[in-house]
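**Student:** Please read through the structure below; I'll follow up with questions.
The values are calculated or read from the model by the stated rules, or taken from the named source; none is laboratory data. Keep in mind that what you see is a predicted model, and the values were worked out from it rather than measured. Using ideal geometry, Cβ is built from the backbone for each residue, glycine included, and neighbour counts are taken over all protein chains shown.
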Amino acid sequence: MEWMRETAAGDWIRDRLDTSTATGTYVPGGFEAYARVFHPVFRERPVGAAWPEPGDEAAWAQFAVAGHEIDTESVTWRQAADALGMRFDARDSWGSLSGARDHDDVRDGSGWRYQDPGEGALDPDVLTAVARVLAAHTETPDDGFAAVWDGWGGLVGGRAAPSGVPAVYSDSGVPEHSAVLRASFKDAFNAPFRKAAWRPGVLSDEISRGPRFELPTRSHVLFRAAPMMWADDAWPEEVPWNEPGAPWVHSPSLIWPDDRAWVLVTEVDADSTIVGGTAELIAALTAADGVEASGVPEGAGLEPEPGR
């Protein structure tokens, strides 16, 4: 991958956004068809036992001490909906499909407990499966671009102004406590006058200080990257934002080939990824192994309709 200081290669995406629709604020219009790729759902359940009831702290403490073996697996949204007795609809959010509100503890009748699908990142294995389809539907599989949101914690370096100790203490009368309290106010007062220090990120200082590929609601670091790269299982080790020793790596926020035959967009706050391309591509994607995808209309919002 090669970092792009010049970001004009992504101008066409910005030009084709439509801020009048929810999805149109980050997915370019004008493609023949679109698909929603659902981020996998993770579920777990204890072997030979049942989860304690939410809020029962004593039961949870006993459960932790018992050290139960926990079964885990990834399932599709459709599998989760069936297990939860809910209707599956390609336009639903996870909250509406699961019946969850504000990160409720979602469980089915078989004892499985469900976690929310990951937001803003596509599972590496799923991206690989998707990319193998995408690479077959472009005339430039060896030439393209990828962009990653620059807001992921620690990704890019930046200047951070020092600040004092948060003034959250109450004066208890204890001398040491009073000294800390006084120091915190003094530090907080002086902080605005201190010089901000540069803190390096995972990406190089050159990239961190360089220009960004700007969209209406997000700022990205742009790279030249062959679409075929993402079809290789080893892509997580190849991206320049892979932090050694980290348990996971962010997938790109956008990928497109040089011929602009399609685009893949993973919005930071979304529980699914949108792909725009030809009708033939979308049909192949929805039928691909290892991918849960459904066709959606151009510009269709992915939030449930009122009363859904």
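**Student:** For the structure I just gave you, tell me whether Ala131 is outside any loop (DSSP other than H, G, I, E, B), in the same structural domain as Met228 (by TED's automatic domain parsing) and buried (at least 19 other Cβ atoms within 10 Å of the Cβ). Before you say what the answer is, go through the steps one by one.
**Tutor:** Numbers: outside any loop (DSSP other than H, G, I, E, B): yes; in the same structural domain as Met228 (by TED's automatic domain parsing): yes; buried (at least 19 other Cβ atoms within 10 Å of the Cβ): yes.
Criteria met by Ala131.
**Student:** Next question, about the same structure. Among the residues of region 107-123, count how many are farther than 11 Å from Pro40 by Cα and not in a strand (DSSP E or B).
**Tutor:** Number satisfying all stated conditions: 6.
**Student:** Could you check Ala81 against (1) part of a helix (DSSP H, G or I); (2) loosely packed, with under 14 Cβ neighbours inside 10 Å; (3) touching a helix residue (DSSP H, G or I) at 6+ places or on another chain (Cβ under 8 Å); (4) among the small types (Gly, Ala, Ser) and say which number it fails?
**Tutor:** (2)
**Student:** Right, next: Just a yes or no: is a residue in region 42-50 closer than 24 Å to Val133 by Cβ and outside any helix (DSSP H, G or I)?
**Tutor:** Yes, region 42-50 has at least one match.
**Student:** Among the numbered criteria (1) closer than 20 Å to Met4 by Cα; (2) touching a helix residue (DSSP H, G or I) at 6+ places or on another chain (Cβ under 7 Å); (3) not basic (Lys, Arg), which single criterion is violated by Val239?
**Tutor:** Every listed condition holds for Val239 apart from (2).
**Student:** Could I ask something else about it? Being under 19 Å from the mean Cα position of the chain (by Cα), at pLDDT 90 or above, surrounded by 15 or more Cβ atoms within 10 Å (Cβ to Cβ) and in a loop (DSSP other than H, G, I, E, B), is that true of even one residue in region 1-24?
**Tutor:** There is no residue in region 1-24 that is under 19 Å from the mean Cα position of the chain (by Cα), at pLDDT 90 or above, surrounded by 15 or more Cβ atoms within 10 Å (Cβ to Cβ) and in a loop (DSSP other than H, G, I, E, B).
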